[in-house]
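First comes the structure, then the notes that go with it.
The values are calculated or read from the model by the stated rules, or taken from the named source; none is laboratory data. Because the structure is a prediction, the values reported are computed rather than measured. Note that we place each Cβ from the backbone using ideal geometry, even for glycine, and neighbour counts take in every protein chain shown.
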Ligand SMILES: C[S@@+](CC[C@H](N)C(=O)[O-])C[C@H]1O[C@@H](n2cnc3c(N)ncnc32)[C@H](O)[C@@H]1O
């Protein structure tokens, strides 16, 4: 399945800038795990860092705390996300409205290219080629994205209702590693962890997806084409997966690091 069109993804994220932080529990956890993978391997400290797909600026804040001397550029193609980062990120962070598939930066600009939970919305090969282009020789790359185990429970529930796909076709980790190598990157290292969040009910789960803007496929709202009976069937199918903590939603998190 191809990605939803870029205008739609951008517009959906742009609408979510104000609600993003309150719902971004998984996103903060993944940033922390990505930074932990990078920490040990990043010497000398990066002087110029790009946060590619910065959202509201949480990652830029973490990167600043880890490398206070670094000049950080935070880029997002949704103008309201970039504007929120401009307000919230540490002083000195430069913000750009930019597409990470076609970056407005010169070759060999950055020592660290960082991107958390954004590449799943992009063409990975294009993004990685751009990352390799803007990285300096020996620069580091760190990205997190989602694998195809993500929202397994939601897919199971939708399968009881219709045959359409309602979640992204998440990149397989191996394909991503191949794309990194094809872009000319070395020392490609992969890690994969399943994180499971719990929600009180399906409405709360889909509301959280919508609040961060990840609903461009329609999974974050009661899908417009879905009638009441189908909605009830979906909710009932999801209920069958309830455990002691509530309704589970799995995120198959892929962490990739590499060097130019
Ligand atoms: C789930 S958010 C993650 C934000 C942030 N990295 C974090 O960890 O909180 C994904 C972000 O990627 C941005 N995005 C998606 N595709 C993009 C692209 N091609 N170029 C730039 N930004 C993009 C969206 O606008 C959104 O702000």
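Residue check: residue 69 meets all listed conditions (1) surrounded by 15 or more Cβ atoms within 10 Å (Cβ to Cβ); (2) farther than 19 Å from residue 130 by Cβ; (3) more than 9 Å from the ligand (Cβ to nearest atom) but one, namely (1).
Inspection of segment 157-171 identifies at least one residue that is loosely packed, with under 14 Cβ neighbours inside 10 Å, modelled with pLDDT under 95 and within 16 Å of the chain's Cα centre (by Cα). Of the residues making up segment 114-150, those that are within 27 Å of residue 250 (Cα to Cα), within 14 Å of the ligand (Cβ to nearest atom) and crowded, with 19+ Cβ neighbours inside 10 Å number 18. Report yes if some residue within segment 88-98 is free of Cβ contacts under 8 Å to residues at least 40 places away in the same chain, in a loop (DSSP other than H, G, I, E, B), surrounded by fewer than 16 Cβ atoms within 10 Å (Cβ to Cβ) and in contact with a strand residue (DSSP E or B) (Cβ under 6 Å, 6 or more places away or on another chain); otherwise report no. There is no residue in segment 88-98 that is free of Cβ contacts under 8 Å to residues at least 40 places away in the same chain, in a loop (DSSP other than H, G, I, E, B), surrounded by fewer than 16 Cβ atoms within 10 Å (Cβ to Cβ) and in contact with a strand residue (DSSP E or B) (Cβ under 6 Å, 6 or more places away or on another chain).
What pairs come up if the first residue lies in segment 120-137 and is outside any helix (DSSP H, G or I), the second is within 9 Å of the ligand (Cβ to nearest atom), and their beta carbons are under 7 Å apart, counting only those six or more places apart or on different chains? Every condition considered, the pairs that remain are 122/100; 122/101; 123/101. Scanning segment 72-87 for residues that are within 20 Å of residue 6 (Cβ to Cβ), touching a strand residue (DSSP E or B) at 6+ places or on another chain (Cβ under 9 Å) and surrounded by fewer than 21 Cβ atoms within 10 Å (Cβ to Cβ) gives 79, 83.
Could you check, for segment 153-165, whether at least one of its residues is within 16 Å of the ligand (Cβ to nearest atom) and touching a residue at least 12 places away in the same chain (Cβ under 8 Å)? No, the conditions are met nowhere in segment 153-165. Going residue by residue through segment 6-15, is there one that turns out to be over 22 Å from residue 102 (Cα atoms) and part of a helix (DSSP H, G or I)? For segment 6-15, residues over 22 Å from residue 102 (Cα atoms) and part of a helix (DSSP H, G or I): present. Which residues, counting only those in segment 22-37, are closer than 15 Å to residue 141 by Cα and either near the ligand (Cβ under 10 Å from one of its atoms) or touching a helix residue (DSSP H, G or I) at 6+ places or on another chain (Cβ under 7 Å) (or both)? Correct list: 31, 34, 35. Residues that are at pLDDT 95 or above, touching a strand residue (DSSP E or B) at 6+ places or on another chain (Cβ under 9 Å) and part of a helix (DSSP H, G or I) do not occur anywhere in segment 37-56. Got at least one residue in segment 221-244 being within 16 Å of the ligand (Cβ to nearest atom) and either at pLDDT 95 or above or in a loop (DSSP other than H, G, I, E, B) (or both)? Looking through segment 221-244, none of the residues is within 16 Å of the ligand (Cβ to nearest atom) and either at pLDDT 95 or above or in a loop (DSSP other than H, G, I, E, B) (or both). Scanning segment 99-113 for residues being surrounded by 21 or more Cβ atoms within 10 Å (Cβ to Cβ) and within 7 Å of the ligand (Cβ to nearest atom) gives a total of 1.
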